[in-house]
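Working notes for the structure below.
The values are calculated or read from the model by the stated rules, or taken from the named source; none is laboratory data. Predicted, not measured: the structure shown is a model, and the values here were computed from it. Backbone-built Cβ (ideal geometry, glycine too); neighbour counts: all protein chains shown. Remember, those area values only see protein heavy atoms, side chains included, never the ligands or the DNA or RNA. Shrake-Rupley method; radii C 1.70, N 1.55, O 1.52, S 1.80 Å.
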Amino acid sequence: MSVHKSDIKRVTTHQLQNMKERGEKISMLTAYDYSMASILDAAGIDVLLVGDSASNVMAGHETTLPITLDQMIYHAASVIRGVDRAFVVVDLPFGSYQGNSSEALRSAIRIMKESGAHGIKLEGGQEIKESVTRILSAGVPVMGHLGLTPQSIYKFGTYSVRAKEEAEAQKLIDDAKLLEDLGCFAIVLEKIPSNLAKQVADTLNIPVIGIGAGPHVDGQVLVVHDMLGINKEFKPRFLRRYADLHGIMTEAVTNYIADVKSQDFPNEKEAY
Ligand code: KIV
């Protein structure tokens, strides 16, 4: 029997909250295009993040800073067209929300209107309080992001583990509580010590999703190109590779080239 789109129950913020309450871990991956989003959605992923990591993995930039709001909307609209079930969150890119809450609201509204996404994510705590409040007041679900926040890479100077020192750990705990109090529906914690992530997840009522934050959080997120092994060079300790697509794709393309050169492809059955 075929499944009608209307039969598929879409994941909501309410369901994510229920998952935390009953101890069911939330699965989340990045996606940037229609084809990949269709595969991840059909496999049953709970949340898809149209991350500004598109700047790295799709566009080849060294950091997430160059990607624009228009480019994020293009990726988000492509993902949305491939999704029936997952909750789709889109990163507000660098420069589209910091320092000006009116601009932050405009950026969030553009993402929601022009892509059809279900929520947005932004990086930071106290510093972006006003922007978070304005966006939430428009009814847009907001996911926070603390710990290693790649949009601030030039402030940190490195991609090493964050919040190892007491003062930074305390600020992270305070920021997480603030984001929950403001009304965020979830928070991503990136590359922080496992025990600190546990403390935050245990303290907050909303779901806490980790990347390099250990097992004691409410869900996990990875960049899909990293976990599928498309990206060979990126090997942080927290990354588990579930496939070697780099190897599989290289072999397939090498075979194709050989078949074209030897005139094995196309054969008679592959021609009209
Ligand atoms: O942009 C991204 O991919 C992210 C994840 C690393 C959480 O923000």
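Given the structure, is Ser131 over 20 Å from Val208 (Cα atoms) and touching a Phe, Trp or Tyr at 6+ places or on another chain (Cβ under 7 Å)?
Details: over 20 Å from Val208 (Cα atoms): yes; touching a Phe, Trp or Tyr at 6+ places or on another chain (Cβ under 7 Å): yes.
Taking the combined requirement at face value, the residue satisfies it.
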Q) Which one of these is closer than 29 Å to Arg241 by Cα, open to solvent by less than 30 Å² (accessible area, probe 1.4 Å) and either among the acidic types (Asp, Glu) or within 19 Å of the chain's Cα centre (by Cα) (or both): Gln220, Gln151? A) Gln151
Q) Phe234 versus (1) more than 16 Å from the ligand (Cβ to nearest atom); (2) of a type outside the set (Val, Ile, Thr); (3) open to solvent by 60 Å² or more (accessible area, probe 1.4 Å): which is the lone unmet condition? A) (1)
Q.
For the range 115-141, which positions are more than 19 Å from Thr30 (Cα to Cα) and touching a residue at least 40 places away in the same chain (Cβ under 8 Å)?
A. Gly124, Gly125, Gln126, Lys129, Val132, Thr133, Leu136
Q) Got at least one residue in the range 242-261 being loosely packed, with under 11 Cβ neighbours inside 10 Å, of a type in the set (S, T, N, Q) and more than 29 Å from Ser55 (Cα to Cα)? A) no
Q. Restricting attention to the range 166-211, which residues are closer than 24 Å to Gly119 by Cα and of a type in the set (Gly, Ala, Ser)?
A. Ala176, Gly183, Ala186, Ala197, Ala201, Gly210
Q: Working only within the range 142-185, note down all residues that are among the acidic types (Asp, Glu), touching a Gly at 6+ places or on another chain (Cβ under 9 Å) and closer than 24 Å to Met28 by Cβ.
A: Asp175, Glu180
Q: Name the residue, out of Ala169, Ala138, that is away from the ligand (no atom under 16 Å from the Cβ), under 30 Å from Asp84 (Cβ atoms) and not β-branched (Val, Ile, Thr).
A: Ala138
**Q.** From Ser101, Ser131, Ser107, Ser96, residue being over 16 Å from Val47 (Cα atoms), of a type in the set (S, T, N, Q), within 15 Å of the ligand (Cβ to nearest atom) and open to solvent by less than 70 Å² (accessible area, probe 1.4 Å)
**A.** Ser96
(Q) Taking the conditions exactly as written (free of Cβ contacts under 8 Å to residues at least 12 places away in the same chain and under 18 Å from Val223 (Cβ atoms)), does His61 satisfy them or not? (A) yes
